[in-house]
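The values are calculated or read from the model by the stated rules, or taken from the named source; none is laboratory data. Keep in mind it's a predicted model, so treat the numbers as computed, not measured. Cβ atoms come from the backbone with ideal geometry, glycine included; neighbour counts cover every protein chain shown.
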Amino acid sequence: MKSANDQVQLIDWQQIDDVFLDMDGTLLDLHFDNHFWLEYLPEHYASLHGISFDAAKQQLLEMYAVHVGTLKWYCIDHWSEELGVDILSLKEEVEHLIQLHPHVDEFLHMLQSMGKRITLLTNAHPKTLAFKLQRIPLAHRFDHLITSHEVGLPKEDPGFWGKLQQRHHFDAQKSLFVDDSLPVLHSAENYGIHRVVAITAPDSTQQHKEAEGFMAIRDFSELM
């Protein structure tokens, strides 16, 4: 992995017009989502069905696995119907865990001051996006807020960027994209996005991840 200083030298901001930024794990600490789906929801599901936490978690993990990498995995309406619970109401019970990663607001302010077009590009369901932006007011920092549900494909799908291009014209060779998901990063790289940057610490409570050859940062101070 390159050092922070080496990474910064790789970005010529004069050659970047569009900056695409993921939300969960990139701008926001992924601890909220990991805790909700792997701890809080299994606890509620176990209580609802009179089973142990371990049994509930195993059942949920098996259900999750069926839809990983599809729009259904990111759709809270799907999971509310599938599990017979109000996912959004449950998320409100642990909303205090929703936190910005370090230096996010300063980074967005820097991009605005340079006149870059800034797009939030998330797999999160539109209801989830609205829910989080009510608690972490970032919308004013962005020119566009786009969910994969609007595009019709998840970001990891090979056809995602082409469909996005039809809706939101941009020059891939003058674009930078930051995300914490390796499948999503590979999709962007394969499409030809000029600068693809990996977040290696999406969840502040877990160890850093390997970036597998991508330009990698722990937080946005390394791009400033």
**Prompt:** In the range 106-144, which residues are more than 21 Å from residue 223 (Cβ to Cβ) and not small (Gly, Ala, Ser)?
**Reply:** 123, 125, 126, 127, 128, 129, 131, 132, 133, 134, 135, 137
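Residues checked against (1) under 18 Å from residue 179 (Cα atoms); (2) at pLDDT 95 or above; (3) within 16 Å of the chain's Cα centre (by Cα):
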residue: 70; (1), (2), (3): yes, no, yes
residue: 78; (1), (2), (3): no, yes, no
residue: 88; (1), (2), (3): no, yes, no
residue: 91; (1), (2), (3): no, yes, no
residue: 102; (1), (2), (3): yes, yes, yes
residue: 148; (1), (2), (3): yes, yes, yes
residue: 159; (1), (2), (3): yes, yes, no
residue: 166; (1), (2), (3): no, no, no
**Prompt:** Is it fair to say residue 159 is over 20 Å from residue 33 (Cβ atoms) and without any contact (Cβ under 8 Å) to a residue 12 or more places away in the chain?
**Reply:** yes
**Prompt:** Restricting attention to the range 42-80, which residues are of a type outside the set (A, V, I, L, M, F, W, C) and within 30 Å of residue 151 (Cβ to Cβ)?
**Reply:** 62, 64, 67, 69, 70, 72, 74, 77, 78, 80
**Prompt:** Just checking, which of 31, 35, 44 is closer than 17 Å to residue 199 by Cα, in contact with a helix residue (DSSP H, G or I) (Cβ under 7 Å, 6 or more places away or on another chain) and touching a residue at least 12 places away in the same chain (Cβ under 8 Å)?
**Reply:** 31
